[in-house]
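Working notes, structure below.
Read-outs throughout are calculated quantities, based only on the coordinates presented, and are distinct from any laboratory measurement. Because the structure is a prediction, the values reported are computed rather than measured. For neighbour counting, all protein chains shown are included, and Cβ atoms are generated from backbone atoms with ideal geometry for every residue, glycine included.
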Amino acid sequence: MADTPKKPTAAQARRMRSAARFYAVQALFQMEAADQGAEDVMDEFEAHRIGAKIDGETFAEPDRPHFRALLAAAVEKQAVIDQLTHKALVERWPIDRIDPTLRALFRAAGAELVSTDTPPRVTINEYVDVAKAFYPSGKESKFVNAVLDHMARAARPDAFKNPS
């Protein structure tokens, strides 16, 4: 009788979804920087990055379906997501002028906002944490919080209405 894989605990599942978000930002950055397609980058991440051991650190196992879904939605709905981001940015800072890592982060978060049922506040908190991982000593996490709050309210306004 073959062993069936154990279902992750709720805490493990949350960590795996967080890892999927982190990998999605990295993958979207790589797609833009190297002008690669989503399938090629997804295959590379799943074959060489996920679970890799670098400098004594083993990269976390993500929720692979969530990782794939975020990348697919970010590509499929990029125009909508970029429009949400553009509206959330001040006039002098169009999306093509911001840091490419932040652009990748906004696209991954935007994909989650427009393509999943994840509560927007959870999405915001998760991607603020991703920003802190990429920019541990910077102010970027506050910027990310403000932009994502604006994007979330535009994409999912019902989630912010007060219950009557």
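Tabulated data
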item: Among 23-33, 101-111, the order from most to least packed when residues are scored by Cβ within 10 Å on average; result: 101-111, 23-33
item: Among SER137, SER18, SER115, residue whose mean-square fluctuation peaks in a GNM of the chain (springs only between Cα atoms under 10 Å); result: SER137
item: Burial order of peptide ranges 36-43, 83-90 (average beta-carbon count within 10 Å, highest first); result: 83-90, 36-43
item: All-pairs alpha carbon distance profile, the chain, 10 Å steps from 0, percent; result: 10, 39, 35, 12, 3, 0, 0
item: Gain upon complete extension [ASN145, LYS87; 0.36 nm per residue less C-alpha separation]; result: 19.4 nm
item: Spin-label pair LYS161/LYS7, simplified geometry with 7 Å Cα→Cβ offset, distance in nm; result: 3.3 nm
